[in-house]
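The values are calculated or read from the model by the stated rules, or taken from the named source; none is laboratory data. Everything quoted here is computed from the prediction, not taken from an experiment. Note that each Cβ is placed from the backbone with ideal geometry, even for glycine, and that neighbours are counted across all protein chains shown. Areas reflect the complete protein model, heavy atoms only, side chains present, ligands, DNA and RNA absent. Shrake-Rupley method; radii C 1.70, N 1.55, O 1.52, S 1.80 Å.
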Amino acid sequence: MKPNPLFNGLYVPLVTPFTNDLRLAPDALARLADEALSAGASGLVALGTTAESATLTAEEKRTVVRICSAACRAHGAPLIVGVGTNDTAAAIKSLRELAATGDVAAALVPAPPYIRPGEAGTLAHFTALAEDGGLPLIVYDIPYRTGQTLSADAIAALGRLPGIVGIKHATGAIDATTMELLGSPPPGFAVLGGDDVVISPLVAAGAHGGIVASANIRTADYAELISLWHLGSAAPARKLGAELARLSAALFAEPNPTVIKGVLHAQDRIPSPAVRMPLLAASTSAVHRATLLANSRVRHASTTSRASSYASPTT
């Protein structure tokens, strides 16, 4: 039987900072990585959707992983790296390359996007990756991007595979499948929320934590939210959760990560709000609304110390 889930708490899928002329800004990325971990994140996610990984060159991807790996080593935190492809053989190759670095705790892998291989094909895909990729896998269940839905039975079957250690649950709803998953997750299988606006009720219902793009902003508050629920402090968790849900809604008012980058730039944390096409920079009004919420931080002093001391996973 698998042990208790290795991955719990808050994982921040970092943006990839660019300069105004769309070059990678490595120093800014290093600062963001250190700030997130110093603020209470359990770990980082590199090369997720929030990182605009589809528009990064192979060399840029290696640089992003190297920078995030260094930050995670310095903080004793795990690094998760996104690997998204609808080619099983190519995904296995990418996983093996990441495994060879020795710095990656797990890979975040979606169901094969666009081609919709069906549930049996999806299970076969993940089974091959788990057996041959050389890295623990976190399944990224996001059907509104992949076009492929995973049933509760399919998720349970994946959770029984030795190489699959968790799921990022981002189905756009808290439905019967969600509740069945949270009610009886496979042993050692981490359920991580991936829909930012409902991260509070997901953790309240039993999720082990979340991979939360909004936590590029107000990282400490999102970490505290998860800790409060795990500690059973329902009243302050509900209050903080409602506050952060408003922030998340504002940050996702336009395509991710455009508003997040706009806020980070407004806070002088990255050199430019630039994104690469086909994304376009967020509107001034959307960034303004989100920045107001980002800067109206309500501290919960009586619980902050407890949140920061919540046990983080080790690798």
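Using square roots of five times the C-alpha gyration tensor eigenvalues, list the equivalent-ellipsoid semi-axes of region 102-214 in whole Å, biggest first.
20, 16, 14
Just order 208-216, 176-184 by mean Cβ neighbour count inside 10 Å, highest at the front, would you?
208-216, 176-184
Straight-line reach from residue 261: which aspartates and glutamates have Cα under 14 Å away, leaving out those fewer than 8 places along the same chain?
52
Pop a pseudo-label 7 angstrom from the Cα along the beta-carbon direction at both residue 268 and residue 144 and give the gap in nm to one decimal.
Result for the modelled spin labels: 3.6 nm.
Two-decimal Rg/Rh of region 217-299 from alpha-carbon positions, Kirkwood Rh? Kindly include the intermediate steps, with their values, before the conclusion.
On the way: Rg = 14.0 Å, Rh = 13.4 Å.
Taking Rg over the Kirkwood Rh, I get 1.04.
Where both residues lie in the chain, what percent of DSSP beta bridges are antiparallel, nearest 5?
Just about 5 percent of them are antiparallel.
Set the Förster distance to 22 Å, then compute FRET efficiency between residue 59 and residue 277 from the Cβ-Cβ distance, nearest 0.05.
0.70
Which peptide among 190-200, 104-114 comes first, and what is the full order, when sorted by highest mean count of other Cβ atoms within 10 Å?
Going from most to least packed, we get 190-200, 104-114.
Sorting check: for 284-295, 139-150, which peptide has the highest mean count of neighbouring beta carbons within 10 Å, and how do the rest follow?
The peptides rank, most packed first, as 139-150, 284-295.
Tell me which residues come under 5 Å, amide H to amide H, from residue 107 once H is placed; ignore anything under 5 positions away on its chain.
81, 137, 138
Pairwise over distinct Cα atoms, reciprocal of the mean inverse distance: report the Kirkwood radius of region 9-233 in Å, one decimal place.
It is 17.5 Å.
How far, in nm, would the chain grow between residue 38 and residue 153 when pulled straight, counting 0.36 nm per residue and subtracting the alpha carbon separation? Working shown, then result.
Values: separation 115, 0.36 × 115 = 41.40 nm, distance 3.81 nm.
Stretched out fully, the residue 38 to residue 153 stretch lengthens by 37.6 nm.
What are the ³J(HN,Hα) values, in whole Hz, obtained from phi via the Karplus relation 6.51 cos²θ - 1.76 cosθ + 1.60 with θ = phi - 60°, for each residue of region 258-264 in sequence order, with x given for Gly and Pro?
5, 6, 4, 5, x, 5, 4
Quick check for you: with a 1.4 Å probe and neighbouring chains kept, what is the accessible area per residue of the chain, in Å²?
On a per-residue basis, 41 Å².
Taking the Cα centre of each part, how many Å lie between region 249-298 and region 131-175?
Here the two parts' Cα centres lie 29 Å apart.
Can you work out ³J(HN,Hα) from phi for every residue in region 52-57, in order, using Karplus 6.51 cos²θ - 1.76 cosθ + 1.60 and θ = phi - 60°, giving whole Hz and x for Gly and Pro?
Listing the rounded values in order: 6, 4, 5, 9, 8, 6 Hz.
Would you list which aspartates and glutamates come within 20 Å of residue 239, measuring only between C-alpha atoms, while excluding same-chain residues fewer than 8 positions from it?
Reachable aspartates and glutamates: 195, 196, 221, 224.
At a 1.4 Å probe radius, carbon and sulfur cover how many percent of the accessible area of the chain?
56 percent
Summing -39500 (n - 2.57) over the DSSP H runs of n ≥ 4 in the chain and dividing by its residue number, what mean residue ellipticity at 222 nm do you reach, to the nearest 500 deg cm²/dmol?
Details: 13 runs with 146 residues, N = 315.
Dividing the helical sum by the residues of the chain leaves -14000 deg cm²/dmol.
Enumerate the calculated ³J(HN,Hα) couplings along region 76-83 in order (Karplus 6.51 cos²θ - 1.76 cosθ + 1.60, θ = phi - 60°), each rounded to whole Hz, writing x wherever the residue is Gly or Pro.
Values, residue by residue: x, 10, x, 10, 10, 10, x, 10 Hz.
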